[in-house]
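Novice: Sending over a structure as structure tokens; questions will come in a sec.
The values are calculated or read from the model by the stated rules, or taken from the named source; none is laboratory data. Predicted, not measured: the structure shown is a model, and the values here were computed from it. Virtual Cβ from ideal backbone geometry, glycine too; neighbours counted across all protein chains shown. With ligands, DNA and RNA removed, areas are computed over all heavy atoms of the protein, side chains included. Shrake-Rupley method; radii C 1.70, N 1.55, O 1.52, S 1.80 Å.
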Amino acid sequence: GYSAFGTGYQIGASDIDTPTVRTDEWVFGVSGGAGCYRRTVLDDIGLFDEDFFFNNEDVDLSFRAQLAGYRSHFVPQAIVYHRGSATSGVASDTSVYYMSRNKEWVFLKNMPSLLIWKYFVLHLCYSLGWVLYWILKGKARAVLRAKRDAWRGRRTMLAKRQQIQSLLRVDPGYIDGLIDKRRVLQVWRSKSLISLF
């Protein structure tokens, strides 16, 4: 999914496999570890963005696909075993760095102009909360370096944005409909920064 905070997330991550999780439905995008892509889609929109290196490259690809008019379908009958963070390590400096940097690039590259202004404040609050969270977890160097490098890479991402947005084939309202606003209510009700993450 993609939330109103301007960040991708895994639907049903860490949940027990229940009928509500195993619903055959259209979704925002697919996990890079479990996705099947039509060759014609990749020929049209391109492959994973190599500037990302890893983490959120699948969110970026899914966003570009949606902007170009392609859709992603969740197939509950498919079973994929994927050990997340097996290579990079859970909450390692490397993982925190790429997560933190690449979330900014996905938002900057892909969010339609009308929606950037709609979600900018939420995204900014989320990003500041994210930085604070990782500083408190002892990852200040990794997260601050990530945000610095996200800023330094903005010109490259803006050039890519121009190309992506010039090929926009859907109404921004369609993209807005894909953005999950329920997570904002969950955070509001929980009154806890931790629930953001």
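Novice: Under the Karplus relation 6.51 cos²θ - 1.76 cosθ + 1.60, θ = phi - 60°, what is the ordered set of whole-Hz ³J(HN,Hα) values for the range 29-42, x standing for Gly and Pro?
Specialist: Residue by residue, the range 29-42 yields x, 10, 6, x, x, 9, x, 10, 10, 5, 4, 5, 5, 5 Hz.
Novice: Can you sort 73, 82, 123 by 1.4 Å-probe accessible area, starting with the largest?
Specialist: 82, 73, 123
Novice: Which pairs break 22 Å Cα to Cα here: 103/137; 103/181; 137/160; 103/160; 109/181; 147/181?
Specialist: 137/160; 147/181
Novice: Can I ask one more? Highest mean first, how do 102-111, 167-176 rank when packing is the count of other Cβ atoms within 10 Å averaged over residues?
Specialist: Numbers: 102-111: 24.0, 167-176: 13.9.
Per-residue Cβ counts within 10 Å, averaged per peptide and sorted highest first, yield 102-111, 167-176.
Novice: Which cross-chain or sequence-distant (5 or more) residues have an amide H under 5 Å from the amide H of residue 180, H modelled 1.01 Å from N in plane?
Specialist: Under 5 Å from the amide H of residue 180 lie the amide H atoms of 2, 3, 4, each far enough along the sequence or on another chain.
Novice: Starting with the highest mean, order 94-101, 36-43 by the number of other Cβ atoms within 10 Å, averaged over the residues of each peptide. Write down the numbers at each step before the final one.
Specialist: On the way: 94-101: 21.5, 36-43: 11.1.
Most protected by this proxy first, the peptides run 94-101, 36-43.
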